[in-house]
Structures are given as structure tokens and as C-alpha cells.
Amino acid sequence: MTGEGYFGRFGGFYAPEVLVYSLKELQAGYSKLSRDPGFKEELNGLLSTYAGRPTPLYCARRLSEKIGGATIYLKREDLAHTGSHKINNALGQALLAKKTGRSRIIAETGAGQHGVATATVSALLGLDCEIYMGEVDVERQKLNCYRMNLLGAKVNVVKSGSRTLKDSINEAMRDYASTSDHTHYLIGSVVGPHPYPTMVRDFQSVIGAETKDQMASATGKLPDALVACVGGGSNSIGLFHPFIDDREVQMFGAEAAGEGIDTGSHSASIVAGKEGVLHGSRTLILQDENGQVSETASVAAGLDYPAVGPEHAFLNCIGRAAYTAVTDREALSAFHLLSETEGIIPALESAHAIHLAANVARELGPDKNVVVSLSGRGDKDVDQVARLEGKS
């Protein structure tokens, strides 16, 4: 399959009839505004003066020395306003929503970082906001729930299904289907029907574009490898996309292996998934023998999703990016490693990437450079980690 909205045979526009008009309208609005210099100028101004871009590219020397091998650089998305990369896409979509006449924003969230970013930009732009969040995620991300309420958003607790990110998207889709005349669904990852995977990627590509310039300034060359965690895949595709044509740059994605691939208790849809359609696009999905979507598990709520963005499925299919599953135990070890060597507490999602980056750095060896997307800060996860380790 080829054409707009497709990445090879992945992607597309699998939407119920009730949403077709609104999604086509969204597609037209985005296509127009993405070429509008005024829109770009306003968004770039907000990214700079409000979100704090460009985020730093930090050479993690003590971490690199501890691991051995290549030098590791951290792209510090954890230092963006609200504490993660999610603000980049939230600002872009909320500004788009306001300019296309929507007065209400809805969103799904897993780890809560996208929910916080959406609530933040809604407050900034004077838009009503409701967030859908699974009951399991609400329990492990209480701080972010309070932050969303503090910012004026209503948090709807989803108690159906696995009570995690998949079910939050289901409920948000139902809301959007009945309110799309005045509501914009601000999807937080590169999933869903066209134009979402392309639109979210474009808004997040600021990560890779900045990285390319910063590495040129710091080292005079491109990085040898890029590493990022992959749930739906927005921070990773944001880092990868500006480098896709630079074939000498290797790209690695860290999925959530949970308790281990062999246990079935994981969220590694590229490593262990099969092709299918979920939430509006054809991609790789965790499914049982009857084709039903499987339950997922991960210590990181933001990776606890049974599918992946279609562009990642395509990059895997053509061999442009390599994807590895990282267990909960390995991620928790990396959570401590970065904290103790660099004084930086990573989000559990990002800790998956730190573990994989260590392996990549050892394999590449000295005189090579690895850039890791530190997609979020770990404040939200400290209580959860303390409970898991019997310290709370």
C-alpha cells in the first residue's frame, strides 16, 4: 500500500463513519497550517519562550566511563516544561485546535505526562480539557493526576478492560465520535488514523533537528547511534526522523519486555506482535491466537500499550531501525545507574532507553557517540519505584 497516510503497508485511515468528516477536516486544517509561516512562527515562539527549547544535549561522561565504550549524550527532554517531550506535540495540536475553531480538548494518557502537557497547554490557550486515564495508571501516577486537576483539567478514570492506556484511547475515541464538532482529540503518540501519526511525528521532530545541530557543534559530526524508548513511539520517531536519510546513523528502539517476552507479560509489540488494525491504523499489535488484543504489562505506564506507531513498524520492516525489548528489572537497574552516575533521575520509560544505550555503547566501542532521548524526568516514578523495592 502506498499513498498519503501510509508507511509502506502500515498506517492508513481506518475510522468509523461518524469520524470521517472530522478527521478529513483535521487533515485539511493541518495541511494548510503546516505550510503557514505565521503558524510556524507562533508555535516556534511558544516552544522557545514557554516550553524552554532548545533542550540541552548533555555529555554524560561519568555514565560513559562507568559503562565503557562509546560516549553517551543525553537529549534532555526531561528539562522541557512539564517534564517531558510531550509538550512539543501538545503545543502544536492545541494551537491547531484553536485556529480551527475547537473550544474543547480531550486526550488519553498512560504515565500522565501527556495528560499534564495537554492540561498545561489547554490552560495556556483557554481551552476546556478532559483527560482519560486508566484506573491502574491513576493508582501508580497519583502525582500527575493531581497536576492535571491543578491545571484545570477533568480526569476521567477508565475502569474497563485492562484499565491502562489502550482503554483510555478507546474511551477518548468514543467521546470524540460524539463531540467532534467542537472537540479536538489531542492524541499523544504517533498512533491512530491519518493524519495523527504524521502530525505528531512532525511536531516531535524538533527533538532530532536540534540534536543534529547540537552534535555538529559538540563533535563536528553526526552521532553514530540514536537510542530511544518506544511505546506508541513519539519521542523515538521525533529523534529518528531527521536522521532517516543519514544511513550511517544507526537507530535503536527500546520496547518494554515487562517480566520477559517468554512470560507473555510485556508490551513489546514490535518484537512479539503481529500485523493488524488498532485505533485507526494498520501496525504491529500484541494479539492472542484468535486475533484479540492481548493484555500488556510494563513497570513504565507510558510504554504499557499493545501496539506501536505505524512508522516504527515500517522502519523495523525495512531494517532501518532495530528494536529490542528491555525488562522491568533491567529498566529499574538503569533508573538507579543514571541517578547515581549523573545526578539525573530518569522516567521509567527513559530508563529502558538508558539500558539499551549502555549495550549499544559497549558494542560500538571507543571513539563513537550515542545519543539517547531522555524523554522524561523520573519525579513521577519515585514513589512507585520505592514501593516496588520495599522502601515505601
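The values are calculated or read from the model by the stated rules, or taken from the named source; none is laboratory data. Quick caveat, the model's predicted, so the values are computed rather than measured. Don't worry about glycine lacking a Cβ; one is built from the backbone with ideal geometry, like all the others, and counts go over all protein chains shown. Note: areas computed on protein heavy atoms with side chains; ligands, DNA, RNA excluded. Shrake-Rupley method; radii C 1.70, N 1.55, O 1.52, S 1.80 Å.
What you get for the chain, charging only the Cβ of Lys and Arg (+1) and of Asp and Glu (-1), is a dipole of about 720 debye around the Cα centre.
Rounded to the nearest 20 debye, the dipole size of the stretch 187-266 about its Cα centre is 180 debye, using +1 on the Cβ of Lys and Arg and -1 on the Cβ of Asp and Glu. In this structure, the pairs whose alpha-carbon distance is over 18 Å, taken from LYS86/LYS368; LYS159/LYS274; LYS40/LYS98; LYS32/LYS99; LYS221/LYS368, are LYS86/LYS368; LYS159/LYS274. Between PRO197, HIS355, PRO37, the Cα set farthest toward the positive side of the dipole of the chain (charges on each charged residue's Cβ, about the Cα centre) is that of PRO37. Within the straight-line cut-off of under 14 Å between alpha carbons, the aspartates and glutamates reachable from LYS166 are GLU108, GLU135, ASP137, GLU295, ASP304, sequence neighbours fewer than 8 places apart in one chain being disregarded. Around PHE314, under 14 Å between beta carbons, what's the net of Lys plus Arg minus Asp minus Glu among the other residues? Neighbour charge sum, excluding PHE314 itself: +2. Compared with the direct C-alpha span, the chain from VAL157 to LEU143 gains 3.6 nm at full extension, assuming 0.36 nm per residue. For the chain, a/c is less than 1.5, where a ≥ b ≥ c are the root eigenvalues of the C-alpha gyration tensor. That puts it in the rounded class.
Can you classify the stretch 219-365 as rounded, prolate or oblate using the Cα gyration tensor, where a ≥ b ≥ c are the square roots of its eigenvalues, rounded means a/c under 1.5, and otherwise it's prolate if a/b beats b/c and oblate if not? Because a/c hits 1.5 or more and a/b fails to exceed b/c, the stretch 219-365 counts as oblate. Report in % the part of the accessible area of the chain that belongs to carbon and sulfur, leaving out ligands and nucleic acids; probe 1.4 Å. Ligands and nucleic acids excluded, carbon and sulfur give 49 percent. Secondary-structure-derived ellipticity at 222 nm for the chain, considering helices only, amounts to -13500 deg cm²/dmol, per-run term -39500 (n - 2.57) for DSSP H runs with n ≥ 4. Per residue, the average separation of C-alpha pairs within less than 8 Å and at least 6 apart gives the stretch 75-176 a relative contact order of 26 percent. Each of LYS66 and GLU248 was given a label point 7 Å from its Cα along the Cα-to-Cβ line. The distance between the two points is 3.1 nm. Relative contact order, whole percent, for the chain stands at 21, derived from Cα pairs under 8 Å and 6 or more residues apart. Each Cα pair under 8 Å and six or more residues apart adds its separation to the average, and for the stretch 306-392 the resulting relative contact order is 24 percent. For the stretch 119-268, the Cα gyration tensor yields ellipsoid semi-axes of 31, 21, 15 Å (square root of five times each eigenvalue, largest first, whole Å). Between GLU289 and ARG362, the FRET efficiency estimated from the beta carbon spacing at R0 = 41 angstrom works out to 0.65.
With the cut-off at 1.5 for a/c, could you classify the stretch 327-388 from its C-alpha gyration tensor as rounded, prolate or oblate? It is prolate, given that a/c is not under 1.5 and a/b is the larger ratio.
Think of the chain as having a plus end and a minus end, set by charges on the Cβ of Lys, Arg, Asp and Glu; of ALA209, LEU332, PRO223, ALA209 sits farthest toward the positive end of this dipole. Exposed loop sites, defined as GluC sites (Glu not before Pro) outside DSSP H, G, I, E and B with at most 12 other Cβ atoms within 10 Å, are absent from the longest region of the chain, namely 5-247.
Using a probe of 1.4 angstrom and keeping all protein chains present, the accessible surface of the chain works out to 38 square angstrom per residue.
Rounded to the nearest 20 Debye, what is the dipole magnitude of the stretch 58-129 about its Cα centre when Lys and Arg each give +1 and Asp and Glu each give -1 at the C-beta?
On the way: 10 positive and 5 negative charges, 34 e Å.
Once rounded to the nearest 20, the dipole reads 160 debye.
Note on the chain: with a GNM built from Cα contacts shorter than 10 Å, the maximum mean-square fluctuation among ASP36, ASP137, ASP379 falls on ASP36.
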